[in-house]
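Report on one structure; see the data block that follows.
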Amino acid sequence: IGKFGWTLQVSNGVISGSSTTGQIARSGATNGDMVVLGKHYLFRGVSRASGQASGTWTSQNCSGRWTAVRS
């Protein structure tokens, strides 16, 4: 099991940075896509006002869970 860390920016509900794009709805629903080592991944989850977020990611051959915190 590997762990990867990404630094992303969120501004007005738009997620960007490190080959990642996505959005966070007012409800906290989070979704987007990213490219890691040449492979495309989709992510979904929920973000909270506290800055914590979690969800799942999927690619063609695998899936997993992700967590995020505001820095």
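Here, each number is a calculation from the coordinates, and none is a lab measurement. Everything numeric here is computed off the predicted structure, so don't read it as measured data. Cβ coordinates were reconstructed from backbone atoms using ideal geometry, including for glycine residues, and neighbour counts include every protein chain displayed.
Which value in nm describes the separation of the simple spin-label points at ARG48 and SER71, placed 7 Å from the Cα toward the beta carbon?
2.1 nm
Restricting to Cα pairs below 8 Å that are 6+ residues apart, what does the relative contact order work out to for the range 4-69? Please round to a whole percent.
18 percent
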